[in-house]
1. Assuming residue 13 fulfils every condition listed in (1) farther than 14 Å from residue 212 by Cα; (2) buried (at least 20 other Cβ atoms within 10 Å of the Cβ) apart from one, which condition is it?
2. Do we find that residue 315 is surrounded by fewer than 22 Cβ atoms within 10 Å (Cβ to Cβ), assigned by TED's automatic domain parsing to the domain that holds residue 181 and free of Cβ contacts under 8 Å to residues at least 40 places away in the same chain in this structure?
3. Look at the range 318-368 and say how many of its residues are without any contact (Cβ under 8 Å) to a residue 60 or more places away in the chain, farther than 27 Å from residue 114 by Cβ and in contact with an Asp or Glu (Cβ under 8 Å, 6 or more places away or on another chain).
4. Take the residues of the range 152-198 that are in a loop (DSSP other than H, G, I, E, B) and of a type in the set (Val, Ile, Thr): which is nearest to residue 285 (Cα to Cα)?
5. Is the range 82-92 home to any residue that is surrounded by fewer than 17 Cβ atoms within 10 Å (Cβ to Cβ) and not assigned by TED's automatic domain parsing to the domain that holds residue 367?
6. Out of the residues in the range 93-113 meeting the condition of being in contact with a Ser or Thr (Cβ under 7 Å, 6 or more places away or on another chain) and either of a type in the set (A, V, I, L, M) or in the same structural domain as residue 196 (by TED's automatic domain parsing) (or both), tell me which one is farthest from residue 231 (Cα to Cα).
7. Where residues in the range 50-71 are modelled with pLDDT under 95 and not in a helix (DSSP H, G or I), which of them is nearest to residue 121 (Cα to Cα)?
8. Which one is surrounded by the fewest Cβ atoms within 10 Å (Cβ to Cβ), of the residues in the range 20-37 that are more than 23 Å from residue 352 (Cβ to Cβ) and out of contact with any Asp or Glu (no Cβ under 7 Å at 6 or more places or on another chain)?
Amino acid sequence: MKMQILGAYSTKFGELWNVSPRTLAKEAMENALKASGLKATQIDALFVGNMLSGILGNQANLGSLLVEELGVQIPAFKIEGACASGGLALHNAINSLKAGQYKTVLVLGIEKMTDHSQDEITTALMAAGSDEERMAGATFPGVYALMAQAYMQKYKATEEDLAAVSVKNHYHGTLNSKAQFQFLVTVGDVMRSSKIADPLKLLDCSPISDGAAAVVITSGNVAKKVKKPIHIIASEVGTDTLSLHDRKSFTSLAAVIDASTKAYKKAGIKPSDIDVAEIHDCFSISEAIATEDLGFSKKGEGARDIAKGKRTLFKGDIICNPSGGLKSCGHPVGATGIKQIVEITEQLRGTAQKRQVKRARIGLTHNVGGSGAIAVIHILRS
């Protein structure tokens, strides 16, 4: 059964003070439908990826709330899996098509974060951590800092190597009109920025963001109306322990290895066949580790490969985060997984403008929840 993306759209990401969640959702859904050539009456169900609406917005029935913006009465589901909520929403939507329950569905990822204080956001995000980590006062910057320390010690990587991740993604962000941050940074800028959790500094960390993204997918023949439909050839999920201290390794995410291995097998490809990837770079260390877990770089070489330019537009091989990634494009947590799909769809259609990867045919998205307790991998082909 072929799974095809008919329409895809992302709002601008950033500190959108004057925009409500309803308005963000409506913009994303209406424009995804417009791109698909379909009307809301042709959609069988709505899947919403979101993490924080219940915690921050006191709204635990988000699917029902947002389906009102479509003006139709169809089944609506909210899917939550921390920062992997968007990817999980798409995974569940795909499974609903495979089961024959629906033929054409709309998948929305959305988050409105900047209306709340830094402390409120930090506490809310740690709802995705373990009881032990919360009781110890840990935050996700602290947890990822432990991973960075272990990685640097084991592989002799430097803080400058990690800083290169942010440098690359800010460069890509300057080419993306919808990115939250559209300015260049240098390794020196990263090194001089405020220390958040040693060795991670402010410019190693993704920001608090607002935004929404949506895709229309189908298993039906309606795709013939679209000039260049994009096929979803694999959708896989892997899980691991919530607590970092319960894992076998601090320098690799078993959930990512499991999900990506299954996805490559399902798609019948190798890591080297990937042309472009959107990586969950919530912190600089996470992209370095991800490129190794995904098979793009050898163990211990991910950060150095990025520093050498191997993942950079116009001179790299497997291009990572042409959108600017979470670091530069922004990280409205529920929307991220769908924004990644929108970016890869545009890359494979050849409509990514200034950030277009030449001759891109196969793309991958890597969406992670918490510190790696869950990972969702999608592989797309033009």
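1. With respect to (1) farther than 14 Å from residue 212 by Cα; (2) buried (at least 20 other Cβ atoms within 10 Å of the Cβ), residue 13 is out only on (1).
2. Working: surrounded by fewer than 22 Cβ atoms within 10 Å (Cβ to Cβ): yes; assigned by TED's automatic domain parsing to the domain that holds residue 181: yes; free of Cβ contacts under 8 Å to residues at least 40 places away in the same chain: yes.
So residue 315 passes the test.
3. 2
4. So in the range 152-198, the residues in a loop (DSSP other than H, G, I, E, B) come out as 156-158, 174-186, 193-194, 198.
Retained after the next criterion (residues that are of a type in the set (Val, Ile, Thr)): 158, 174, 185-186.
Numbers: 158: 11, 174: 21, 185: 17, 186: 17 Å.
Looking at residues that are in a loop (DSSP other than H, G, I, E, B) and of a type in the set (Val, Ile, Thr), I get 158.
5. Taking the range 82-92 first, the residues surrounded by fewer than 17 Cβ atoms within 10 Å (Cβ to Cβ) are none.
Among the residues of the range 82-92, not one is surrounded by fewer than 17 Cβ atoms within 10 Å (Cβ to Cβ) and not assigned by TED's automatic domain parsing to the domain that holds residue 367, which makes the answer no.
6. Filtering first and then ranking leaves 113.
7. Filtering first and then ranking leaves 57.
8. Of all residues in the range 20-37, those more than 23 Å from residue 352 (Cβ to Cβ) come to 20-23, 25-26.
Imposing the further condition that a residue be out of contact with any Asp or Glu (no Cβ under 7 Å at 6 or more places or on another chain) reduces the set to 20-21, 23.
Details: 20: 12, 21: 22, 23: 15.
Of everything passing the filter in the range 20-37, 20 is surrounded by the fewest Cβ atoms within 10 Å (Cβ to Cβ).
The values are calculated or read from the model by the stated rules, or taken from the named source; none is laboratory data. Just so we're clear, the structure is a prediction, and the values are computed from it rather than from any experiment. Cβ coordinates were reconstructed from backbone atoms using ideal geometry, including for glycine residues, and neighbour counts include every protein chain displayed.
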